[in-house]
Amino acid sequence: MEQVYAGFWRRFAAFAIDYMLLVFVFGILASPFAARLGYFCGHAGAAICASLGVNPRTVSPSTVLAMFFFEYSLLVYLLLGWPYFTLFESSGLQATPGKLALGIIVTDLEGKRIGLGRATLRFWGRLVSALPLLAGFFLAGVMPQKRALHDMLSGTLCLRAGSSSQHRRGCGPDPGSPQA
């Protein structure tokens, strides 16, 4: 079976879905602290407000939480994203929920499932892809195999589901195929 590579925009949309899920999970985990952040706006919240040049007396607890998230979004992405992307992409699904929704799987160069080590390398390679102005991500739009820099570093491919040499169970037909 011929490998069909997942293009830049499909991959971008899948990442957007995954990131929204991470933000939602963070919101659930952080919501019990929102009131505390508002209460401590005179203390801990003040540092967040000061770092953004905002008067802590003029903002609501939810605004402080939003500023907290903004200040720590990279940390949140790394702490929640690392297990999220690594465990999903190395699982039998071979994809995160966002990738599943758009019919994408992550494989090695032979179209086989990747292990935890390769998935971890792929995740941390995204930081390299983000350096100079996200250029490493845009490679997926111009490279023949539609590989981003982190795919090259980790030896992975993003394929349209059902196109790899190793058939996946439970994925369903490719959304663009006649069977869909």
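All of the numbers you see were taken from the coordinates with simple rules; none came from a lab. These numbers come from a predicted model, not from an experiment. No Cβ is skipped: glycine too gets one built from the backbone with ideal geometry, and neighbour counts run over all protein chains shown.
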Interchain or long-range residues, amide H under 5 Å from VAL4's placed H: ARG160, SER163
In nm, spacing of pseudo-spin labels at ALA30 and ALA50 (7 Å Cα→C-beta vector): 2.1 nm
Determine ³J(HN,Hα), in whole Hz, for all residues of segment 91-103 in sequence, where each value follows from phi through the Karplus function 6.51 cos²θ - 1.76 cosθ + 1.60 and θ = phi - 60°; x replaces Gly and Pro. 7, x, 5, 6, 6, 7, x, x, 5, 4, 4, 10, x
Can you figure out the FRET efficiency of TRP82 with SER60, using R₀ = 25 Å and their beta-carbon distance, to the nearest 0.05? 0.20
